[in-house]
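Notes for the one structure printed next.
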Amino acid sequence: QVQLVESGGGLVQPGGSLRLSCTASGTIFNMNAMGWYRQAPGKQRELVAEITRGGNPTYADFVKGRFTISRDNAPNMVYLQMNSLKPEDTAVYYCNFRNWRAVDFWGQGTQVTVSS
């Protein structure tokens, strides 16, 4: 099992920045990738950004150039730096851990609200 604890969400004005953090614990030696997904009300959960064990990032088109994902190997943490936030970025953001068997684990989610 893997436990994920997120932090860093909140309320920010359009154009502002937030940094999300996620700490993974438990059976983490077999990590394949970690990342961030988001889910807005009435919408499906979608990938925001992901980073592989080797450090290769993938971004959704709607965040390219605005968000940056990074990792610390020890401890096992993943970060999402979000700049130039827009109202449409408002959602619950979930940390994701995927192991070698493609099993996904999820954090409890952290609310990000972009509003003036």
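Please specify each residue of the range 93-116 satisfying the condition of being assigned to a strand (DSSP E or B), crowded, with 18+ Cβ neighbours inside 10 Å and not aromatic (Phe, Trp, Tyr).
Cys95, Asn96, Arg98, Thr110, Val112, Val114
Only one of these conditions is not met by Ser21: (1) modelled with pLDDT of 95 or more; (2) out of contact with any Gly (no Cβ under 6 Å at 6 or more places or on another chain). Which number is it?
(2)
Just need a number here: residues in the range 65-75 that are open to solvent by less than 50 Å² (accessible area, probe 1.4 Å) and part of a loop (DSSP other than H, G, I, E, B).
So the answer is 1.
Six or more apart or on different chains, Cβ atoms under 6 Å: show the pairs whose first residue is in the range 56-67 and farther than 12 Å from Ser84 by Cα and free of Cβ contacts under 8 Å to residues at least 24 places away in the same chain and whose second is open to solvent by less than 70 Å² (accessible area, probe 1.4 Å) and not basic (Lys, Arg).
From residues that are farther than 12 Å from Ser84 by Cα and free of Cβ contacts under 8 Å to residues at least 24 places away in the same chain, the pairs are Pro57/Ile51; Pro57/Ile69; Thr58/Glu50; Tyr59/Ala49; Ala60/Leu47; Ala60/Val48.
Of the residues Asp104, Asp89, Asp72, only one is more than 21 Å from Ser17 (Cα to Cα) and within 15 Å of the chain's Cα centre (by Cα); which?
Values: Asp89 fails: more than 21 Å from Ser17 (Cα to Cα); Asp72 fails: more than 21 Å from Ser17 (Cα to Cα).
When all the criteria are applied, what remains is Asp104.
The values are calculated or read from the model by the stated rules, or taken from the named source; none is laboratory data. As the structure is a computational prediction, the values presented were derived from the model and not from experiment. A quick note on method: Cβ atoms are made from the backbone with ideal geometry, for glycine too, and the neighbour counts reach across all protein chains shown. Areas reflect the complete protein model, heavy atoms only, side chains present, ligands, DNA and RNA absent. Shrake-Rupley method; radii C 1.70, N 1.55, O 1.52, S 1.80 Å.
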